[in-house]
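Notes to accompany the following structure.
The values are calculated or read from the model by the stated rules, or taken from the named source; none is laboratory data. Bear in mind the structure is a predicted one, so any value in this text is a computation, not a measurement. Note that we place each Cβ from the backbone using ideal geometry, even for glycine, and neighbour counts take in every protein chain shown. To get the accessible areas, we keep the full protein, side chains included, count just its heavy atoms, and leave off ligands, DNA and RNA. Shrake-Rupley method; radii C 1.70, N 1.55, O 1.52, S 1.80 Å.
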Amino acid sequence: MSVINITHVYEWVKYIEENNSKYNRNQHFLYRGESSLQYKLLPSLYRKKEEDRREIYLSRTTETKILSEFMTESAGLISTLSVDDMFRWVEYAQHFGVPTRLMDWTSNPLVALFFACSSKQKETGRIYILNSLCYRLLTGEDNVNRLEGKKIKDEAEKMIWESEETFPYPALYKPYYLDRRMFAQSSQFMVWGYKKETLDTIVNELEKGGKKKEIVKYLAVKGIELKCIEEIQTLSEVQIDGSAKQHILQELDGIGINQATVFPGLDGIGKAIEWRNNSNNMV
């Protein structure tokens with residue numbers, strides 16, 4: 001996986017432009033911004049932490065128990081959601097910070113840059129770039145990535161509630177937006193299958209299996225001619241040094257990307273005004 005470093009918004013925009021131009025400007029890229037290098041490409045349900053010199057899952061209990069607790073305790077507050085719409089409950093749980101097998105991505109690269117810079121100012125942040133077309137080709141017929149979101153959710157629902165191993169690799173889909181925040185963040189979801197491995201590990205294993213050649217053939221049929229097979233980057237990474245984060249946030253604010261636009265509502269407006277008037281953030 002290739003890694004480059006950026007210190008300004010224009011460098012990030014230039015990288016995106018060059019990346020898109022390789023694929024005839026077909027918009028297949030998704031982005032995930034993280035404020036620290038310590039986070040792995042795993043959903044919250046499968047992240048581990050060290051305790052008493054042992055690695056344990058972040059969530060001690062089972063997935064179904066966690067979701068059942070969320071449904072029971074929040075049912076009165078989400079009265080518009082049917083108890084039979086099981087996977088929508090998983091999406092709501094993810095939205096409100098409950099550990100799930102879902103991972104958030106965005107189709108907006110500037111939103112990803114904002115998330116990479118918005119916290120942990122002394123740490124290096126990063127943005128993962130996923131070529132969703134190449135990823136779907138890479139996972140191939142073993143997965144449900146070529147099917148519609150409804151089918152993906154149906155298969156994931158069986159895995160969660162019936163312990164049925166329906167697909168192995170994380171699958172991408174665009175959810176129904178639950179609120180303005182998901183719309184503002186151009187959210188897309190990736191739901192993990194039964195392989196509890198990091199996304200970069202999965203991609204590396206599949207690429208080593210020779211599937212890159214199949215991707216080249218498919219792209220050629222679609223009129224996308226790459227100079228060499230090494231140009232295919234299913235998953236790549238951009239890093240942002242902690243010392244550049246404040247300046248990048250100022251640049252983003254100047255083009256309308258801030259707490260108020262990423263988190264629509266009074267809370268986001270308040271945070272944006274507080275941040276903009278903090279002496280540490282003033283030029």
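Accessible area of Lys120 (1.4 Å probe, protein heavy atoms only, ligands and nucleic acids ignored): about 80 Å². Cross-link pairs exceeding 18 Å in C-alpha to C-alpha distance, out of Lys150/Lys196; Lys40/Lys120; Lys22/Lys212, comprise Lys150/Lys196. Of the accessible area of segment 80-136, computed with a 1.4 Å probe over protein heavy atoms only, carbon and sulfur atoms account for 51 percent. Accessible surface of His95, taken over heavy atoms with a 1.4 Å probe and every protein chain present, rounds to 50 Å². Here the label points at Lys174 and Leu77, each 7 Å from Cα along the C-beta direction, are separated by 3.0 nm in the simple model. Put a dot 7 Å past the Cα of Ile224, heading toward its Cβ, do the same for Glu17, and the two dots end up 2.1 nm apart.
Note on Val3 and Lys196: the model spin-label points, each 7 Å out from Cα along the C-beta direction, lie 2.7 nm apart.
The heavy atoms of Arg47 present about 70 square angstrom of accessible area, all protein chains included, probe 1.4 Å.
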